[in-house]
Amino acid sequence: MKLKRQKAFIAMRTAWFIIQSLVFGYAISRIARPDLGVDYYKFYLLGLYTALLYSASIARAYIIADEFDDGIIDYHLSLPLKRSVLAAGRVLGGAVSTLIFTAPMMVFILFLTNGLEPVSFLISIASAFAFSIGVVSFVVIIVMKLKSTDTTDIFFGTIDAILVRLSSVFYPLPIIKALNIPAYYYSALFNPLTHFADFLRALVLPEYFLLELSPAQSMFYILGLGIGLLVVAIELFERKLEAGGVK
């Protein structure tokens, strides 16, 4: 229902996606010709979806900050629900909302990369859901810690740009490693966006060979991070959530 009301948000994200995938992506693939074993355009498209899923997850989860201001959290606390159930519902609901919003874009990208097969599609959806749970949980944790819309805006505006660039979303890890900048390489290596993007590439583009970690390692990393952050988010809701808005 909230997605239906946010027509401007949907229109802006859709326009950004179309331009990035059909205009910028095609142009950059004509310039960059690294030896990846695959067409760089396909490599780029799967990275683009990773960045989109990450940003959309942040936007969906950030709604909780507005709910502090609007007093909706006070209403939620008055309901006959355990706080753990409320927290789990907010995280899982945010992840489902993100998938609903990004599913058409995933289908479009999988079609362009020739990866729209039933098994690949289902695994892609499942991995995207696990990744989104981790991102949404992380946002909920930060919102609960800061409890300030101004500070939270600045924090996520900064971290959104940094994490996308410190990953293999647009640059393969071995090429980043070849730059001989350890801080850059290890930041990308432990970045969840790297693991999700490379997992999709290994799944959809089996000929892609510039992988630092196996698909199984990346998937376990995503699952472990998502479950761990979800547990922390639930714990914060149970112990530190108090009635009242944020400043």
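Assorted remarks:
- Residue 193 closer than 27 Å to residue 235 by Cβ and under 11 Å from the mean Cα position of the chain (by Cα): yes
- Taking the stretch 142-155 as the range and being more than 17 Å from residue 70 (Cα to Cα) and open to solvent by less than 60 Å² (accessible area, probe 1.4 Å) as the test, only 142 passes.
- Unmet requirement for residue 139, which otherwise passes all of (1) within 17 Å of the chain's Cα centre (by Cα); (2) open to solvent by 20 Å² or more (accessible area, probe 1.4 Å): (2)
- Filter pass, residue 125 being out of contact with any Cys (no Cβ under 6 Å at 6 or more places or on another chain), of a type in the set (A, V, I, L, M) and crowded, with 18+ Cβ neighbours inside 10 Å: no
- Residue within the stretch 196-208 that is more than 25 Å from residue 112 (Cα to Cα) and at pLDDT below 85 present: no
- Filtering the stretch 42-101 to residues that are of a type in the set (S, T, N, Q) and modelled with pLDDT of 85 or more leaves 50, 55, 57, 97, 98.
- Pair list, Cβ < 9 Å and 6+ apart or interchain, from the stretch 132-145 residues that are in contact (Cβ under 8 Å) with a residue 12 or more places away in the chain to residues that are not in a helix (DSSP H, G or I) and not hydrophobic (A, V, I, L, M, F, W, C): 139/62; 143/62
- In the stretch 99-122, the qualifying residues are those that are surrounded by 19 or more Cβ atoms within 10 Å (Cβ to Cβ) and in contact (Cβ under 8 Å) with a residue 60 or more places away in the chain, and the one that is nearest to residue 238 (Cα to Cα) is 101.
- Cβ-Cβ contacts under 6 Å between residues 6 or more apart (or on different chains), taken from a first residue in the stretch 179-191 that is free of Cβ contacts under 8 Å to residues at least 60 places away in the same chain and of a type outside the set (S, T, N, Q) to a second residue that is part of a helix (DSSP H, G or I) and open to solvent by 70 Å² or more (accessible area, probe 1.4 Å), are listed as 185/177.
- Residues (part of a helix (DSSP H, G or I), without any contact (Cβ under 8 Å) to a residue 60 or more places away in the chain and surrounded by fewer than 18 Cβ atoms within 10 Å (Cβ to Cβ)) located in the stretch 77-98: 78, 85, 89, 92, 93, 96
- Test: residue in the stretch 213-228 that is of a type in the set (Val, Ile, Thr), open to solvent by 60 Å² or more (accessible area, probe 1.4 Å), under 18 Å from the mean Cα position of the chain (by Cα) and at pLDDT below 90: no
The values are calculated or read from the model by the stated rules, or taken from the named source; none is laboratory data. Just so it is clear, the model here is predicted, and its values are computed rather than measured. Virtual Cβ from ideal backbone geometry, glycine too; neighbours counted across all protein chains shown. Heavy atoms of the whole protein, side chains included, go into the accessibility calculation; ligands, DNA and RNA do not. Shrake-Rupley method; radii C 1.70, N 1.55, O 1.52, S 1.80 Å.
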